[in-house]
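Taking it in order: structure first as structure tokens, then the write-up.
Just so you know, all these numbers are worked out from the coordinates, no wet-lab data involved. Remember, it's a predicted structure, so these values are computed and weren't measured experimentally. FYI the Cβ positions are ideal-geometry reconstructions off the backbone, even for glycines, and counts take in every protein chain you see.
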Amino acid sequence: MDSQSRTLKMILIAGYAFLYIPLLVIVIFSFNEARLITSWTGFSLKWYRELFSDTVMLRATLTSFQIATIAATIAVILGTLAAVTLVRFPHFRGRTLFIGLAAAPLVMPDIITGLSLLLLFVGLHHLTGWPESRDAVTVTIAHTTLAISYVTAVVQARLVEFDRSLEEAALDLGASPLKVFFSITLPLIAPAIVTGWLFAFALSLDDVVIASFVAGPGATTLPMVIFSSLRFGISPEINALTTILILFLSLSMVIATIIMRKTQRPAS
């Protein structure tokens with residue numbers, strides 16, 4: 001048993017090392033004075049200064065964060081409603097079709113999703129005149145469509161394990177269904193909602209394939225800028241930007257964990 005435990009620990013350590021050592025290397029070389037990442041020539045903050053003077057990169061970063069925030073918020077609202085519908089209403093006409101539509105983006109290749117959304121926007125433009133051009137709105141709609149399925153799956157898994165006796169007790173005491181949902185159900189599934197929001201935010205911030213189809217000249221996202229810059233080699237500015245993003249996302253995860261623990265504490 002001890003040997004098996006040590007083997008599992010070694011596998012776990014190797015797995016985490018495989019995932020996080022490359023991130024650590026990026027952070028370290030973001031402070032490298034040399035432009036090449038193959039050698040260390042000295043500590044410097046020059047690439048951070050270069051980053052904050054790069055208007056193209058900063059504009060793309062701001063655009064990506066705005067799109068990711070809006071898309072994640074809309075996806076959480078619609079995904080939560082979809083999850084509640086699937087769990088609380090097990091029998092309704094068209095349920096099988098609804099489940100298929102909700103799960104389709106999970107298994108659909110991004111290139112097919114991006115192409116289908118592009119054809120949709122082109123068709124809508126010819127029929128109604130909207131959208132006039134592909135911009136941040138079309139990218140937000142595309143990312144929301146992608147993220148809804150993930151949010152639905154996360155919230156649905158939490159609702160399946162949900163103890164409905166609390167809701168039934170509140171209903172017996174005279175509370176309305178709407179009051180029960182906002183006062184009891186929503187706080188108890190809040191950790192899943194927060195997890196779904198973070199998941200949707202990360203998906204939007206990471207996407208490059210779908211955005212390449214539905215984005216226009218005025219809605220260039222950060223992954224698109226990074227991907228296009230790779231043709232000329234990896235710039236140390238990207239290392240600096242990645243370090244800032246890692247710090248931001250790590251702090252966001254810590255804050256989300258604290259919020260979820262505080263939410264779960266009254267229920268324990």
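Miscellaneous remarks
- Over region 143-262: Rg over Rh, Cα atoms, Kirkwood Rh: 1.14
- FRET efficiency for ARG93 and ILE259, using Cβ-Cβ distance with R0 set to 51 Å, rounded to 0.05: 0.85
- Degrees between helix 55-88 axis and first principal axis of the chain (Cα, 0 to 90, nearest 10): 20 degrees
- At full extension, ARG49 and LEU106 could sit 16.6 nm farther apart than now, given 0.36 nm per residue minus the alpha carbon distance.
- Legend: ranking of residues VAL25, VAL76, VAL137 from fewest to most surrounding C-beta atoms inside 10 Å; resulting order VAL25, VAL137, VAL76.
- Label-point separation in nm, THR128 to LEU23, each point 7 Å along Cα→Cβ: 4.0 nm
- In Hz, Karplus ³J(HN,Hα) per residue of region 36-50 (6.51, -1.76, 1.60; θ = phi - 60°; x = Gly, Pro): 6, 8, 8, 8, 9, 10, x, 7, 7, 9, 4, 6, 6, 5, 5
- The Rg/Rh ratio of the chain, with both radii computed over alpha carbons and Rh defined as the Kirkwood radius, is 1.04.
- Calculated FRET efficiency, THR73 to PHE232, Cβ-Cβ distance, R0 = 30 Å: about 0.25 to the nearest 0.05.
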